[in-house]
Amino acid sequence: MLGYWMQAVFDGHNDVLLRLWQNEKKGGDAVAEFTNGTEKGHIDLPRARAGGLAGGLCAIYVPSGDLVLPQPDADGSYVTPLSAPLERAPSLDIALEMAAIALRLERAGSWRLCRSMADIDNAMADDEFAAVLHMEGCEAIGADLAALEVFHAAGLRSLGPVWSRHNIFGHGVPFAFPMSPDTGPGLTDAGRELVRECNRLGILIDLSHITEQGFWDVAKLSDQPLVASHSNPHALVPVARNLTDRQLDAIRDSKGLVGLNFAVTMLRADGRENADTPLSDMVRHIDYLVDKLGIDGVAIGSDFDGALIPREIGTAGGLQNLVAALQGAGYGGAELAKLCRENWFRVLRSAWHEDGED
Ligand SMILES: [Zn+2]
C-alpha cells in the first residue's frame, strides 16, 4: 500500500505459553513449535517476524476446564457461569511448567525473557522476540506471597490478581453480554497485600478480568498507573469484560493505558463469536479509546492464542493489517508508534521503577 510503513508492535497480552504447554501435554516440543513455526494458533517466531510483532506480555494462565461460551439467545444475549475456583497445588504445578517453557525458550535463544526495559531495547535491537512474563490469575500464589518472590526472581514482571473466576485475592467478571462489569466484590485482604507487594517489587498490576469493584479497590491502593492489558470500551460492546467510561476516566487520570483486545466477542457490536469482523470495528474501538484516554493511553493487547480474532488479522503475521487500517484512518507515524509500543514501554518503566520515581 502506498505510504504505508511497518510498525514494530509490543503487545500487552497473549496466551502462547498456554498453547505451547497444551501441545507439550500431547507430546509436542514447545521450543521447536515456537522457533520453527507451526500452523497452530497465532504466535510463533516466523509469524511474529512477518507481522512485526516485536514482543509482548506472555501469560502464565492456569486453564479452567469448564469454560464453554454458550449459544446466545434470540436477542443475542448470553451469560457464561463463572468458572469454579481452582486448587492451589495443581495450579502451582501448571504455572511452574509454563514458566519452565518460558525459561527453555530463553535458553534456546528463541526469545529474550525481558526483566527490564534495557532487556526489551536490546532484544528489539537484536531482532529477538521480547517476551515479558505475566501471570493471568494468581491461583499459583498463596496468601503468604512466597511464590510471588520466586516467580519474580524467575522473571515475572506483570500480573492480574484474578482471571474470570474467584480466588483468594479477589473476584473476576463472567463472560456475559450484555452485562455491567459491576458483578460482585473486589479485592480481599490478601488481594490488597498482593497489590502492595507488586508495587514494592516492581510488578505491573493488570486490571483486565477483575470486577469493577476490584478495579476501584486497586485504583485506591496502587501507586502506579492503572492498566487494563486486554479490554475494550463497554460503551461500544457491553460485555462484562469491557471497561465503563468511568473506568476509562480513572485510567486516563492515572496516566495508565488500555490495550485493544482482538477478541471478536469484545469488538463486535452484536457480541457474537464470528471471525468475519471487519478491521473497521477495531479502528472504531481505538478511536473511542483515544477520544477518552488520549493518544498516550491506548495500546495493543491482542489476546493472540487466547481468543477468536478477526479473519483479516488471522495470526500475528497479519498484525500490520491493523497498522495499515489505523494509518488509513488518519493516524500518523508518531501516533502509531505510541499505540503500537511506546505507551506500553512508558507504563512498564513506571511499574518497574525505571522512570526515576518510586
Ligand atoms: Zn484474558
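Give me, ordered by chain and number, the residues 5 or more places off ILE60 or on other chains with an amide H under 5 Å from its own placed amide H.
Excluding prolines and chain starts, which carry no amide H, the hits are HIS134, MET135, GLU136.
In whole Hz and in residue order, list the ³J(HN,Hα) couplings for region 163-180 that follow from phi through the Karplus curve 6.51 cos²θ - 1.76 cosθ + 1.60, θ = phi - 60°; x for Gly and Pro.
Once θ is set to phi - 60°, the couplings for region 163-180 become 9, 6, 6, 8, 8, 5, 9, x, 10, x, 8, x, 7, 8, 8, x, 7, 6 Hz.
Solvent-accessible area per residue for region 120-194 at a 1.4 Å probe radius, Å²?
I get 32 Å² per residue for this part.
Calculate for the chain the 222 nm mean residue ellipticity that helices alone would give, adding -39,500 (n - 2.57) per DSSP H run of length 4 or more and normalising by residue count, nearest 500 deg cm²/dmol.
Calculated at 222 nm, the ellipticity per residue is -11000 deg cm²/dmol.
Checking understanding here: applying a Kyte-Doolittle mean of at least -0.5 and a length along the axis of at least 20 Å (C-alpha), which whole DSSP H helices in the chain pass?
88-107, 279-293
About the Cα centre, and with charges only on the beta carbon of Lys, Arg (+1) and Asp, Glu (-1), how big is the dipole of region 9-352? Nearest 20 debye, please.
Result for region 9-352 is approximately 380 debye, rounded to the nearest 20.
To the nearest 20 debye, what is the magnitude of the charge dipole of region 10-136 about its Cα centre, counting +1 on the Cβ of each Lys and Arg and -1 on the Cβ of each Asp and Glu?
260 debye
Would you list which aspartates and glutamates come within 19 Å of LYS26, measuring only between C-alpha atoms, while excluding same-chain residues fewer than 8 positions from it?
Within reach: ASP15, GLU39, ASP44, ASP93, GLU97, ASP305.
Anything over 32 Å Cα to Cα? Flag those among LYS220/LYS292; LYS25/LYS292; LYS220/LYS338, in the order listed.
In this structure, LYS25/LYS292 exceed 32 Å between Cα atoms.
Please sort by residue number the chymotrypsin sites (Phe, Trp or Tyr not before Pro) in region 1-106 whose DSSP state is loop and whose Cβ has at most 14 other Cβ atoms within 10 Å.
Of the chymotrypsin sites (Phe, Trp or Tyr not before Pro), the ones in loops of region 1-106 whose Cβ has at most 14 other Cβ atoms within 10 Å are TYR4, TRP5.
In terms of the Cα gyration tensor, with a ≥ b ≥ c the square roots of its eigenvalues, is region 9-352 rounded because a/c is under 1.5, prolate because a/b exceeds b/c, or oblate?
It is rounded, given that a/c, with a ≥ b ≥ c, falls under 1.5.
Quick one: pull the percent of accessible area on the chain belonging to carbon and sulfur, 1.4 Å probe, ligands and nucleic acids left out.
The nonpolar share, carbon plus sulfur, comes to 52 percent.
What shape does region 146-219 have by the C-alpha gyration tensor, where a ≥ b ≥ c are the square roots of the eigenvalues, rounded means a/c under 1.5, and otherwise prolate means a/b greater than b/c and oblate the rest?
Since a/c reaches 1.5 and a/b is larger than b/c, the shape of region 146-219 is classed as prolate.
Of the candidates ALA235, ALA334, ALA54, which one comes out as most mobile in a Gaussian network treatment of the chain with C-alpha springs shorter than 10 Å?
ALA334
Provide the net charge surrounding LEU322, with neighbours chosen by a C-beta distance below 12 Å and charges set as Lys +1, Arg +1, Asp -1, Glu -1.
-3
Name the residue, out of VAL162, VAL31, VAL239, whose mean-square fluctuation peaks in a Gaussian network model built on the chain with Cα pairs under 10 Å.
VAL31
The values are calculated or read from the model by the stated rules, or taken from the named source; none is laboratory data. Note that the structure is predicted; figures quoted are calculated from it, not measured. Cβ atoms come from the backbone with ideal geometry, glycine included; neighbour counts cover every protein chain shown. Note: areas computed on protein heavy atoms with side chains; ligands, DNA, RNA excluded. Shrake-Rupley method; radii C 1.70, N 1.55, O 1.52, S 1.80 Å.
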